[in-house]
Amino acid sequence: MPSAIVKYVRFIDAMNRRLGRLVMYLIFPMMGVLLYATISRTFFDLPPIWTTEMAQMIMTAYYLLGGAYSMLLAAHVRMDLLYGSWAPKRRAFMDTITSCFLFFYVVILLYGGISSTQYAIEYNQKNFSVWAPPMAPIKVIMTIGILLMLLQVISTFFKELAAFRGKPIVEPSRDEGSI
C-alpha cells in the first residue's frame, strides 16, 4: 500500500481508538442522571422532567461516537454461517466487498445526518416534550459520529484490501487489552 494510505489508516485508527476510549465513560454520566431521577422520584416525590431525555441523548452520543471504535476492534455482531471456516484470504476478500456496501450505507446516513442537523439549526428545532430541549446539539454529535464511522469504514477497507493482497498493513504495537 502507498505510504499515504498507511498513514491515513494509522491516523484514523489512532483517533478513533482514543475517542472511543474516552466516549465509553459516557455511561457513567448517563447512570448518574438515571440514578438522580430514581432518587428524586422515589424519596422526594419530585419527578424531574429532563432526566429521561438527557439519558437518551447521552446514550445516543455513546452509541454513535463509539461506533467507529467498535468497528476498529471488530466488536460488532457478525452472522457467521460460513465465514469462520473460510481461509483468511477469502475472508479478507468478502470483507472488502461488504465494506463497499457499508460505505454506501454510511454515506447515505451521513447525508441524512447533515440534512437533519441543518434543519435543526435553521429552524431552532426542539423536541416535542415538556422539557423541549434543542435538538441541534445531539444532531451535531450524531453527524460527527457518522462521519467518524465513515472514516473508519475507509480505513477498514484499506486494511482488508491489503490483507487480501497478502501484504497486511502492520500497525505499531498497541494496547487493545480489555476495555
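Please determine whether any residue of the range 32-40 is assigned to a helix (DSSP H, G or I), touching a Leu at 6+ places or on another chain (Cβ under 9 Å) and within 19 Å of I144 (Cα to Cα). Quick ask: steps written out before the conclusion?
Looking only at the range 32-40, we keep the residues that are assigned to a helix (DSSP H, G or I), and these are 32-40.
Keeping just the survivors that are touching a Leu at 6+ places or on another chain (Cβ under 9 Å) gives 40.
Checking which are within 19 Å of I144 (Cα to Cα) leaves us with none.
For the range 32-40, residues assigned to a helix (DSSP H, G or I), touching a Leu at 6+ places or on another chain (Cβ under 9 Å) and within 19 Å of I144 (Cα to Cα): absent.
Within the set of pairs 6+ apart or on separate chains, which have a first residue in the range 133-145 that is touching a residue at least 60 places away in the same chain (Cβ under 8 Å), a second that is in a loop (DSSP other than H, G, I, E, B) and crowded, with 20+ Cβ neighbours inside 10 Å, and C-beta atoms under 8 Å apart?
The qualifying pairs do not exist here.
Mind checking which residues of the range 56-98 are surrounded by fewer than 16 Cβ atoms within 10 Å (Cβ to Cβ) and under 10 Å from the mean Cα position of the chain (by Cα)?
Y63
For the structure I just gave you, tell me whether V23 is under 18 Å from the mean Cα position of the chain (by Cα) and closer than 30 Å to F164 by Cα.
no
Would you point out the residue of the range 134-175, among those that are basic (K, R) and assigned to a helix (DSSP H, G or I), that is modelled with the lowest pLDDT? Steps first, answer last, please.
Initial filter on the range 134-175 (basic (K, R)): 139, 159, 165, 167, 174.
From the residues that got through so far, the ones that are assigned to a helix (DSSP H, G or I) too are 139, 159.
Values: K139: 97, K159: 94.
It comes out as K159.
Scan the range 84-106 and give yes if some residue there is in a helix (DSSP H, G or I), under 30 Å from F11 (Cβ atoms), in contact (Cβ under 8 Å) with a residue 60 or more places away in the chain and polar (S, T, N, Q), otherwise no.
yes
For (1) of a type in the set (S, T, N, Q); (2) over 19 Å from L73 (Cβ atoms), each residue gets a yes or a no:
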{"site": "Y119", "(1), (2)": "no, yes"}
{"site": "Y123", "(1), (2)": "no, yes"}
{"site": "M135", "(1), (2)": "no, yes"}
{"site": "M142", "(1), (2)": "no, yes"}
{"site": "T156", "(1), (2)": "yes, no"}
{"site": "I169", "(1), (2)": "no, no"}
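Somewhere in the range 53-64, is a residue among the small types (G, A, S), outside any helix (DSSP H, G or I) and within 30 Å of I144 (Cβ to Cβ)? Explain how you work it out, then say what you get.
The initial filter retains those residues of the range 53-64 that are among the small types (G, A, S), namely 55, 61.
Retained after the next criterion (residues that are outside any helix (DSSP H, G or I)): none.
Taking every residue of the range 53-64 in turn, none turns out to be among the small types (G, A, S), outside any helix (DSSP H, G or I) and within 30 Å of I144 (Cβ to Cβ).
Taking the options S40, S85, S3, S70, name whichever one is polar (S, T, N, Q) and closer than 30 Å to F128 by Cβ. Talk me through it step by step, then tell me what you get.
Numbers: S85 fails: closer than 30 Å to F128 by Cβ; S3 fails: closer than 30 Å to F128 by Cβ; S70 fails: closer than 30 Å to F128 by Cβ.
Sole residue among the options that is polar (S, T, N, Q) and closer than 30 Å to F128 by Cβ: S40.
Mind listing just one residue for me: the one in the range 8-23 that is of a type in the set (K, R) and surrounded by 14 or more Cβ atoms within 10 Å (Cβ to Cβ) and, of those, nearest to I146 (Cα to Cα)? Full working, then the answer.
Residues of the range 8-23 that are of a type in the set (K, R), as a first pass: 10, 17-18, 21.
Narrowing the set further to residues that are surrounded by 14 or more Cβ atoms within 10 Å (Cβ to Cβ) leaves 10, 17.
Numbers: R10: 19, R17: 15 Å.
The residue in question is R17.
The values are calculated or read from the model by the stated rules, or taken from the named source; none is laboratory data. This structure is a prediction, so every number in the text was calculated from the model and none was measured. As a convention, Cβ positions derive from the backbone with ideal geometry for all residues, glycine included, and neighbour counts pool all protein chains shown.
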